[in-house]
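Where a number appears in this text, it was derived from the coordinates with a stated rule and is not lab data. Owing to the predicted nature of the structure, the values given are computational and were not obtained by experimental measurement. Glycine gets a Cβ as well: all are built from the backbone with ideal geometry, and neighbour counts include every protein chain shown.
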Amino acid sequence: MALDKYGIAKRIAKELQDGYYVNLGIGIPTLVSNYIPEGMTIMLQSENGILGMGPYPTQSDIDADLINAGKETVTVIPGGAFFDSVESFGMIRAGKINLTVLGAMEVAQNGDIASWKIPGKMVKGMGGAMDLVASAKNIIVAMQHTNREGESKLLPQCSLPLTGVGCVTKIVTDLGVFEIKENAFHLIERAPGVSIEEIQSKTEGKLIVPDFVPEMEI
Amino acid sequence: MNKVFKDALSAIFDIESGATLMLGGFGLNGIPENMISALVQKGPDRLTCISNNAGVDDFGIGLMLKTKQVKKMISSYVGENKEFEKQLLSQELEVDLVPQGTLATRIAMAGLGIPAFFTPAGYGTEVAEGKEIREFNGKMYLMEHALHADFSLVKAWKGDTLGNLVFRKTTRNFSVAMAKAGQITIAEVEELVPAGEIDPDDIHVPGIYVHRIFQGKDYEKRIEKVTVQL
C-alpha cells in the first residue's frame, strides 16, 4: 500500500544521523521532526534564524517573538541559538547543513527541481528554496509520486520553472525511494506492498530497477 | 547629538512619495508596527518596499497595500495576502521576487560597503536571466548587487538613546542587516533606555547605523499561525 505523508516522513527520518544539522521545508518535511530516533542529537535549522528548533509550544509558552520559517509558533531546545537571516543563509551557502528536506512539484531525472511557481497562477515566491538547493550537499525531496491529475512528478525534464539544477540526490515518495544518478531515477526501495509495475507505470522519467528491490522498513 | 524622537509620526517626517524603504521582519515577526501605522496616516505613495514578505491583508505591509501606497515590492515570499494578489494581477503593483538568502545578503552588502557578490542561488533558473555568470572552483555562480534604501525601518526589543539595538529571539531576521543598509535608519523599540544601560557585549546593532529611535507603543505582535502541542 502506498505510504501516507507520515510514512514518507518516517522513511526520511531513517536518513538522519547523530549530530546532523537539518533544514526541513514546509509540509511533509516538517513531519520528519516527529520521528527523530531516540538518543540522537539532531539540530533543526529554521532559516528565519534558529538552530535547535523545538516542538510547538504549549498554550502558556506561546511567544510571538519566536516563530519558524513557516511562521508557526515554536520553541527552542536547550543548546539552541538565534541569529539573523544573513548568517542563516551563510551557514546554508557554506555547506554547514548536513541534510535538507523539501517538497517539490516536479523532479527531473538529472536532479533538476521545480517547486516555486506555476505560470499563469498565483506566484508566491521562492522563499529560501533556491538558496537551499543551490548549496546543500545532501538534498532529499519528499513528495507524492503523482500530482492531483495522477500524472508522474518524476519526469525526463521539468516543465515548470526551475528552483535549481542538478541538485536533488534522493526522492522519497508514497511509492518508493529513488536515487538520482547517471541521468536516471534508481529505484532502491518500494513502499510495503507496492509493486514494481505500479512504480514503473507512474514514473515518466527514466527508471532503473535492479533485480531485487526491498520493501522499506519503517 | 539627539537621535530620540517622540513617536513614529515625528520620526518618519521626511519619508515622501516615491521613496525606497526597507522594512524589517519575517512574516509578521518583528515588523515595525508603529512606523507602518504612521506611514498609513502620513500617506506617502509610490513607495518601493524591500521586505521579505508583504504582511497579511489587515496587518503589516498589507495595511499599506490596502491604501495603495506601494508601487513595488522586493521580497522572497508574498503568499498569505489576497490584496497583494489582486493588485499584482491588475498590474497596479510590481513585484521583484528574490531568493531569500540572496535578498538578505544583498541588503547586508549595502551595509558592508560591497557593491556586488556571487551566489549559486538561482543558477539555471529564471532568476539568473540577464545576470553575469561566473565559474569558481567548478561551480556556477551569478552576480547579485547590493540593495540600498533611502530609509530602513526596523523594530528592536530594546534600544538606547544612542541607537544601540538588541533583538529578542527570531526577530533579528532581516532587521539587523537592514538597519545597517539604510541611508537613514529609524528604529522603534519596545523599551528605550539611557545610553550605558545595555551591556556593550549584548548589542546586535551598534548605534552608528541608527539615525533615529523612538519608544514604540501598543504592540500587537500578531502571530500568523498559532501552533501548539496537543
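Fewest neighbouring Cβ atoms within 10 Å first, the residues B:117, B:151 line up as B:117, B:151.
Result for chain A in a Gaussian network model with C-alpha springs under 10 Å: among A:121, A:206, A:96, the largest mean-square fluctuation is at A:121. In a reduced charge model with +1 at each Lys and Arg Cβ and -1 at each Asp and Glu Cβ, chain B shows a dipole moment near 40 debye about its Cα centre. Cβ crowding within 10 Å, taken as a proxy for footprinting-reagent exposure, orders B:218, B:45 from fewest neighbours to most as B:218, B:45.
What the Cα atoms of chain A give is an Rg and a Dmax of 17.4, 55 Å.
Within 10 Å of the Cβ of each residue in B:108-119, the mean number of Cβ atoms contributed by other protein chains is 1.
Looking only at the protein assembly as shown, where both bridge partners belong to it, what percent of the DSSP beta bridges are antiparallel (to the nearest 5)?
So the antiparallel bridges in the protein assembly as shown amount to around 40 percent.
As a ratio to 2.2 N^0.38 Å, the alpha-carbon radius of gyration computed for region B:29-103 takes the value 1.00. Inter-chain Cβ neighbour count for B:44-57, averaged per residue, equals 1 (cutoff 10 Å, partner chain atoms only). Averaged over the residues of B:74-83, the number of partner chain Cβ atoms lying within 10 Å of the residue Cβ comes to 4. Look at the alpha carbon pairs under 8 Å that are at least 6 residues apart: their mean separation over the length of chain A gives a relative contact order of 20 percent.
For region B:128-230, the normalised intensity computed at q = 0.18, 0.19 Å⁻¹ comes to -0.84, -0.89 (log10 of I(q)/I(0), Debye sum over alpha carbons, equal scatterers, no solvent). The packing ranking, built from the mean of other Cβ atoms within 10 Å per residue, places the peptides B:2-11, A:156-165 in the order A:156-165, B:2-11, highest first. Summarising the strand pairing of region A:5-208, around 55 percent of its internal DSSP beta bridges are antiparallel.
With 22 Å as the limit, the listed pairs A:121/A:153; A:10/A:71; A:5/B:82; A:5/A:202 have A:10/A:71; A:5/B:82 beyond it between alpha carbons. Panel order for A:11, B:172, by other beta carbons found within 10 Å of each beta carbon, from fewest to most: A:11, B:172.
When the C-alpha to C-alpha distance is required to be over 30 Å, the pairs from B:68/B:169; B:72/B:131; A:137/B:221; A:117/A:181 that qualify are B:68/B:169; A:137/B:221. Given a cut-off of under 8 Å on Cα pairs at least six residues apart, what relative contact order in percent is computed for region B:165-230? After rounding, I find 42 percent. For the protein assembly as shown, the share of alpha carbon pairs falling in successive 10 Å distance bins from zero is 4, 21, 30, 25, 13, 5, 2, 0 percent.
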